[in-house]
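Report on one structure; see the data block that follows.
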């Protein structure tokens, strides 16, 4: 059975519970004032960065930086939100210095939640999404207006610096890689040329067409050996035809001269025969030599083809590096610098105090209503008729004087005692 049904019931309840209502409202207003005064305002500042496309078309001068701008900016954001980077910004600006109880990891988490980096995708060309970002917005929320501006600007500066450093580092690494590969191929070519020279020298292939040259040389050696054989035979015959009847000294002198000539001719023939044997051995090995030379040519052709391809890539990498050094590639430009905010983004303290007072008033009446529900008694003729359907003939309100003296209270107590004694006597007589 609820006690509040009409506006009159509500007013009656308010009169009865005015003390508790006023107490709750006063305490609630005091609490709301403390809550409003202790609350810290937050200020928001944003810096807008535009992602500009390369000034030179990729078809004319292609950059060696691969991947979409969205992916590169995501990597940069991960670096910015790393613990080390955030801790450096906290130390630089003295963030959360008033919160001495917080641990460094908790301060890093607060800064990570206070800063947001959002990108807006560029308009699509056709149906393909190339992952290009056109605008990047960096927002910071801090307890001080100047601090919010400084933090947003610091993140924007680091984003631009990391973007430039990332692109330049990638182009430098690409150029260095192809230069190193080109040098490796050049060293391989030089090594192969030295190996070929050594092979030619070991196999007497220093003259082009060496096989034909050696065959003609063998023919000449055969002819020279034949002539030497003739001279040897002639010398031997001449030795047998010496006049033995002449003086002994003359005979010895002629024999000695012919022996020396014969020995010289024999040594010449031996030398020419050795040279002919070497040339014949070389000629016999000529098919293997030809195969080895063909292998050298094939390896040299492969290295030259590889060198040409690497040189082309190296030239492209050099062009990409020059684009980044000359700031002709993709770059970040500030189109709206972070400003000191004029007003906080949080609710004003006056509104918070008013809301607290309104909430305290509502709570006061709710408590009063709960107290009424705790003792749901009938307090008026109107409630009597509504609850039971019986209209009272007369309704006598409780008449209690506003001021009662101690003498009057003692007299009232005596009258009550006399009334109780009379009722007890009547009950005894009736019994």
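The values are calculated or read from the model by the stated rules, or taken from the named source; none is laboratory data. Given the structure is predicted, the values throughout are model-derived calculations rather than measurements. Here the Cβ is made from the backbone with ideal geometry for all residues, glycine too, and neighbour counts use every protein chain on show.
Structure notes:
- Candidate set: region 347-372, residues that are modelled with pLDDT under 75 and surrounded by fewer than 15 Cβ atoms within 10 Å (Cβ to Cβ); chosen: the one nearest to residue 49 (Cα to Cα): 347
- Among residues that are outside the structural domain of residue 147 (by TED's automatic domain parsing), closer than 24 Å to residue 349 by Cα and either more than 18 Å from the chain's Cα centre (by Cα) or modelled with pLDDT of 75 or more (or both), residue 31 is included.
Each row is one residue, and each column tells you yes or no for (1) closer than 29 Å to residue 158 by Cβ; (2) assigned by TED's automatic domain parsing to the domain that holds residue 132; (3) modelled with pLDDT under 85.
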{"site": "296", "(1), (2), (3)": "no, no, yes"}
{"site": "299", "(1), (2), (3)": "no, no, no"}
{"site": "304", "(1), (2), (3)": "no, no, no"}
{"site": "307", "(1), (2), (3)": "no, no, no"}
{"site": "319", "(1), (2), (3)": "yes, yes, yes"}
{"site": "322", "(1), (2), (3)": "yes, yes, yes"}
{"site": "325", "(1), (2), (3)": "yes, yes, yes"}
{"site": "330", "(1), (2), (3)": "yes, yes, yes"}
